[in-house]
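What follows is a short report on a single structure.
The values are calculated or read from the model by the stated rules, or taken from the named source; none is laboratory data. Model, not experiment: these values are computed from the prediction. Cβ placement follows ideal geometry from the backbone for every residue including glycine, while neighbour counts extend to all protein chains displayed. Side chains are part of the model used for accessible areas, which takes the heavy atoms of the whole protein and leaves out ligands, DNA and RNA. Shrake-Rupley method; radii C 1.70, N 1.55, O 1.52, S 1.80 Å.
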Amino acid sequence: AKENGRDAVQAFSQELSDSARRKFLRAEELRTAIQNDEFVLDFQPQINLTTGLVSGVEALVRWKHPVEGILPPSEFIPLAEETGIIIELGEAVLRKACQQAKKWSMNARHRVRVSVNMSPKQFQNAGVIDHVKAALKESGLDPSLLEIEITESSIMRDIGSAAGIMKELTDMGVDFAIDDFGTSYSCLNMLKKLPFSRLKIDRSFIMNTPDDEQDCAIVTAILNLARSLKLQVVAEGVETIEQAQFLHLAGCEHGQGYFYSRPVGDLTIEALLDKQY
Ligand code: C2E
Ligand code: CA
Ligand code: CA
Ligand code: CA
């Protein structure tokens with residue numbers, strides 16, 4: 001038994017070091033990928049449920065890995081966040097998103113807002129304001145066409161510093177949306193204290209509408225709350241026409257999801273900007 005125990009410990013430490021080594025190598029790969037410009041953005045339209053027009057697009061990062069092919073954010077964002085690489089990666093995403101949106105905005109009909117996801121570490125980083133300013137300046141994008149999506153976890157640590165960062169950026173005309181709303185401890189106080197202009201209802205609440213009465217009640221309650229706080233609402237993960245109709249009737253302004261379009265490349269999204277849903 002003693003021998004077995006020792007083997008188990010050995011196997012365990014071997015496994016640990018293997019996974020630590022894999023992580024280390026993956027992190028190195030991520031750093032190189034930034035240098036080699038292997039990250040690309042897909043865009044998903046956000047539809048104004050009243051007019052059927054595209055009111056904005058969300059930028060979603062993908063890694064064009066030279067061997068493994070296109071990797072979704074779930075494969076690398078957590079490690080980038082854990083290692084701090086997210087700060088540099090996020091900067092690259094911001095620059096690309098602003099450049100794209102500027103390019104579209106040259107055509108008046110394509111002047112749509114671009115929404116960029118910002119991770120907690122990136123948002124809490126001291127350089128974040130300069131990064132946003134630099135991306136706007138370099139691209140020449142009108143700041144009012146940029147929206148930053150953050151989640152509740154970005155704010156929870158320190159509401160005061162979040163307020164300072166948001167104030168500086170909203171003063172420039174940049175907007176903020178609260179992402180995945182409803183999924184963490186919703187400190188409703190934070191909605192009142194911080195200058196958000198939009199709230200994105202998490203897909204998990206939309207998924208079972210309009211059949212599930214409880215989910216319909218939750219969505220309706222969030223819409224009422226948003227209305228009284230003067231926040232616009234985007235419903236995430238709209239997959240069916242029934243969901244779209246329910247949301248429109250309930251007074252939700254914007255919808256985003258596979259029912260309209262999956263995230264697509266820059267050329268495809270440009271064509272969608274002319275479409276009326
Ligand atoms: P998110 O910000 O909540 O983005 C929405 C995710 O839901 C996207 O997944 C999108 O493809 C997916 N989605 C959209 N409509 C539907 C639908 O109708 N049904 C279903 N089942 N899914 C839908 P994606 O692109 O894999 O991104 C996953 C997450 O990765 C994002 O969640 C966001 O948290 C993070 N992420 C993506 N891009 C970035 C980035 O540039 N920076 C940071 N920090 N995080 C990012
Ligand atoms: Ca988002
Ligand atoms: Ca604005
Ligand atoms: Ca979301």
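Remarks
- Under the condition of being away from ligand 1 (no atom under 14 Å from the Cβ) and open to solvent by less than 30 Å² (accessible area, probe 1.4 Å), the residues counted in the range 22-52 number 3.
- Residue count for the range 114-133 satisfying the condition of being within 16 Å of ligand 4 (Cβ to nearest atom) and in contact with a strand residue (DSSP E or B) (Cβ under 8 Å, 6 or more places away or on another chain): 7.
- Whichever residue in the range 255-267 is open to solvent by 10 Å² or more (accessible area, probe 1.4 Å) and either within 16 Å of ligand 4 (Cβ to nearest atom) or closer than 16 Å to Gly237 by Cβ (or both) and, among such residues, is nearest to the chain's Cα centre (by Cα): Pro263
- Restricting attention to the range 101-123, the residues that are within 16 Å of ligand 1 (Cβ to nearest atom) and either polar (S, T, N, Q) or assigned to a helix (DSSP H, G or I) (or both) add up to 8.
- Ala97 meets the stated requirement of being part of a helix (DSSP H, G or I), within 12 Å of ligand 1 (Cβ to nearest atom) and open to solvent by less than 10 Å² (accessible area, probe 1.4 Å).
- Reported count of residues in the range 138-160, each being part of a helix (DSSP H, G or I), modelled with pLDDT of 95 or more and either farther than 22 Å from Phe43 by Cα or within 16 Å of ligand 3 (Cβ to nearest atom) (or both), is 3.
- Among the residues listed as Gln214, Gln243, the single one being at pLDDT 95 or above, among the polar types (S, T, N, Q), under 22 Å from the mean Cα position of the chain (by Cα) and in a helix (DSSP H, G or I): Gln243
- Top-ranked residue in the range 194-250 [being of a type in the set (Gly, Ala, Ser) and open to solvent by 30 Å² or more (accessible area, probe 1.4 Å); ranked as nearest to ligand 3 (Cβ to nearest atom)]: Ser197
- The condition (being surrounded by fewer than 16 Cβ atoms within 10 Å (Cβ to Cβ), within 23 Å of Asn125 (Cβ to Cβ) and modelled with pLDDT of 95 or more) is satisfied by just one residue among Glu91, Glu68, Glu81, Glu75: Glu75.
- Leading residue by the ranking (farthest from ligand 1 (Cβ to nearest atom)) among those in the range 161-181 that are of a type in the set (Asp, Glu) and part of a strand (DSSP E or B): Asp175
- Test for Glu270: is it closer than 24 Å to Ala101 by Cα and surrounded by 13 or more Cβ atoms within 10 Å (Cβ to Cβ): yes
- Criterion (touching a Pro at 6+ places or on another chain (Cβ under 8 Å), in contact (Cβ under 8 Å) with a residue 12 or more places away in the chain and farther than 18 Å from Ala97 by Cβ) met by exactly one of Cys216, Cys187: Cys216
- Qualifying residue in the range 9-21 (condition: under 22 Å from the mean Cα position of the chain (by Cα) and open to solvent by 20 Å² or more (accessible area, probe 1.4 Å)): no
- In the set (1) open to solvent by less than 10 Å² (accessible area, probe 1.4 Å); (2) within 21 Å of Met172 (Cα to Cα); (3) not in a helix (DSSP H, G or I), the condition left unmet by Ala126 is number (1).
- Ile201 in contact (Cβ under 8 Å) with a residue 24 or more places away in the chain, within 13 Å of ligand 1 (Cβ to nearest atom), touching a Leu at 6+ places or on another chain (Cβ under 6 Å) and closer than 26 Å to Leu71 by Cα: no
- Check on Ser55, within 16 Å of ligand 1 (Cβ to nearest atom), out of contact with any helix residue (DSSP H, G or I) (no Cβ under 8 Å at 6 or more places or on another chain), touching a residue at least 24 places away in the same chain (Cβ under 8 Å) and closer than 30 Å to Glu253 by Cα: yes
- In the range 173-194 there is at least one residue matching the filter, namely being of a type in the set (A, V, I, L, M), modelled with pLDDT of 95 or more and more than 16 Å from ligand 4 (Cβ to nearest atom).
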